[in-house]
């Protein structure tokens, strides 16, 4: 867990706060990548995020790690929550029965073997895409709502964070520069007074 936290901190510090771009473009890149990451387009998310970022002139470097939020390990809980929200927004749809969804999820693990060990098998992906197609409408509606809301929230949080960080950093660097100038002036004054005393 500590390694994950360190990776997240390093990403935030190096890729977002120190990105060589305007705060608006960085925040837009984060927002667009978050939106794309929450759509059920696993496998195409990086390409989609980079294309949309280029279209909107957003920072592309921050997009790549963010779209990896949904990966084979995390997509179950994320898409499950999005599907649940979509089934609330679209009540009475045929795929809203949780027991049928649970049955389809159980089919992903054949013979009691974990789905994680089957991730490279062809049958796993056929069953997974079949499930996504069955849950299509609810899943897409939930993902689009969650992606849009999180994207907007993260745009403003990132804009605020990058702008504030850069202001504090500029003030800190200015303070250090001023301190260095005072030290140099004091050193120069001591040197000139020592020379005048010796003369």
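Values quoted throughout were computed directly from the atomic coordinates according to the rules given, and no laboratory measurement underlies them. Small disclaimer: the values here were computed from a predicted structure and weren't measured. Positions of Cβ are backbone-derived with ideal geometry, glycine not excepted, and every protein chain shown enters the neighbour counts.
In terms of other Cβ atoms within 10 Å, 150, 173, 131, 38 run from fewest to most in the order 173, 150, 131, 38.
Given their separation in residues at 0.36 nm each and the Cα-Cα distance between them, residue 150 and residue 137 gain 2.7 nm when the chain is fully extended.
Going by neighbour counts of Cβ atoms within 10 Å, the residues 75, 184 line up, fewest first, as 184, 75. Which of rounded, prolate or oblate describes the stretch 25-70 when judged by the alpha-carbon gyration tensor and an a/c cut-off of 1.5? Prolate is the answer for the stretch 25-70, as a/c is 1.5 or above and a/b outweighs b/c.
For residue 173 and residue 68, what does the FRET efficiency come to when R0 = 30 Å and r is the distance between their Cβ atoms, rounded to the nearest 0.05? Display every interim value, and only then the final one.
Details: r = 33 Å, r/R0 = 1.10.
Plugging the Cβ-Cβ distance into 1/(1 + (r/R0)^6) gives 0.35.
The distance linking the stretch 15-91 with the stretch 122-148 is 16 Å (Cα centroid to Cα centroid, whole angstrom).
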